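The values are calculated or read from the model by the stated rules, or taken from the named source; none is laboratory data. Fair warning: this is a prediction, and the values are worked out from it, not measured in the lab. Don't worry about glycine lacking a Cβ; one is built from the backbone with ideal geometry, like all the others, and counts go over all protein chains shown.
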């Protein structure tokens with residue numbers, strides 16, 4: 001396939017470019033040109049939030065793509081730009097959303113794609129949900145779509161650590177090795193359903209060529225569902241240092257930090273719809289993926 005990737009220099013988008021090329025696809029990336037893109041990708045320089053600039057940049061290339069992988073669609077305005085600009089150049093879109101769209105007070109365990117309540121507080125999850133609705137209500141736009149809702153994405157290219165107090169903490173490995181306690185809200189009792197970056201990318205590529213994924217939303221997570229505390233214990237065992245946990249009381253915490261509401265809840269998701277669409281079931285176990293992530297960080301001296 002000829003693939004257009006909105007992004008291309010970031011954590012997920014950069015890896016998407018690499019894996020797509022490894023699979024034999026030809027890749028064009030749209031970035032602002034501030035960071036390097038993977039070798040072999042065709043660069044397109046534009047601000048994807050500028051409708052006119054994006055349209056002009058794509059027209060100047062003179063290509064028609066089989067699919068677009070949008071790793072940078074964060075708001076309803078971003079989605080509106082996709083729907084206005086992309087159809088003359090590409091008819092198929094695959095978009096990354098987030099599990100933060102769900103209202104945590106109304107979630108089930110495991111949570112399926114459909115929910116009774118979504119976030120509406122003006123925060124990150126609310127903006128992502130509004131983005132989703134732009135696509136859901138876009139009949140007749142000429143652009144078919146697939147949306148994925150990952151939770152915690154991990155792998156080489158990113159720092160380790162999950163929400164809320166130790167999220168992608170730059171010195172987390174040194175912190176643990178020094179014997180410093182990890183401050184976990186509720187003692188780290190809440191579930192997470194991490195997804196290894198490569199597994200997410202492989203599903204996005206598969207969805208771009210799968211008719212059963214057209215105009216569908218999918219929850220996605222890896223084979224392991226663990227508590228936040230277990231995530232850190234696995235990380236500690238990988239680096240050879242047991243972790244010490246200091247519990248932060250849950251009472252009153254969300255009142256002070258409402259931005260973390262989407263993370264202080266059970267974040268386990270049903271993959272039945274993914275399976276029914278015959279998309280790949282993510283297979284990388286948390287321990288294996290974290291080990292690769294730690295090895296990458298140590299090789300980078302981070």
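General observations
- Set 281, 297, 290: member being surrounded by 16 or more Cβ atoms within 10 Å (Cβ to Cβ), closer than 24 Å to residue 100 by Cβ and under 22 Å from the mean Cα position of the chain (by Cα): 290
- Test: residue in the range 206-219 that is modelled with pLDDT of 95 or more, over 22 Å from residue 105 (Cβ atoms), surrounded by fewer than 19 Cβ atoms within 10 Å (Cβ to Cβ) and in contact with a helix residue (DSSP H, G or I) (Cβ under 7 Å, 6 or more places away or on another chain): no
- Taken as a whole, the range 100-120 holds at least one residue that is within 14 Å of the chain's Cα centre (by Cα) and under 21 Å from residue 271 (Cβ atoms).
- Residues being over 22 Å from residue 110 (Cα atoms) and part of a loop (DSSP other than H, G, I, E, B) - total across the range 251-279: 3
- Evaluation of residue 249 against (1) over 30 Å from residue 178 (Cα atoms); (2) surrounded by fewer than 17 Cβ atoms within 10 Å (Cβ to Cβ) (one fails), failing number: (1)
- Taking the criterion of being closer than 26 Å to residue 212 by Cβ and touching a residue at least 40 places away in the same chain (Cβ under 8 Å), the residues of the range 110-129 that qualify are 110, 111, 112, 113, 128.
- Residues that are under 22 Å from the mean Cα position of the chain (by Cα), surrounded by fewer than 21 Cβ atoms within 10 Å (Cβ to Cβ) and either in a loop (DSSP other than H, G, I, E, B) or without any contact (Cβ under 8 Å) to a residue 40 or more places away in the chain (or both), drawn from the range 77-90: 77
- Every residue from the range 140-158 that is out of contact with any helix residue (DSSP H, G or I) (no Cβ under 7 Å at 6 or more places or on another chain) and modelled with pLDDT of 95 or more: 142, 144, 152
- Residue count for the range 11-25, restricted to those that are in contact with a helix residue (DSSP H, G or I) (Cβ under 9 Å, 6 or more places away or on another chain) and either outside any helix (DSSP H, G or I) or free of Cβ contacts under 8 Å to residues at least 12 places away in the same chain (or both): 2
- Which listed residue is without any contact (Cβ under 8 Å) to a residue 60 or more places away in the chain, assigned to a helix (DSSP H, G or I) and either more than 20 Å from the chain's Cα centre (by Cα) or within 24 Å of residue 14 (Cβ to Cβ) (or both), from 139, 56, 93: 56
- Residue list for the range 59-76, restricted to those being surrounded by 14 or more Cβ atoms within 10 Å (Cβ to Cβ) and part of a loop (DSSP other than H, G, I, E, B): 63, 66, 71, 72, 73, 74, 75
- Top-ranked residue of the range 161-185 - restricted to ones that are under 23 Å from residue 266 (Cβ atoms) and touching a strand residue (DSSP E or B) at 6+ places or on another chain (Cβ under 7 Å), ranked as surrounded by the fewest Cβ atoms within 10 Å (Cβ to Cβ): 183
- The single condition among (1) touching a strand residue (DSSP E or B) at 6+ places or on another chain (Cβ under 8 Å); (2) in contact (Cβ under 8 Å) with a residue 40 or more places away in the chain that residue 198 does not satisfy is (1).
- Tabulated pairs, the range 30-42, first over 14 Å from residue 69 (Cβ atoms), second surrounded by fewer than 19 Cβ atoms within 10 Å (Cβ to Cβ), C-beta under 6 angstrom, 6+ apart or interchain: 32/47; 33/45; 40/21
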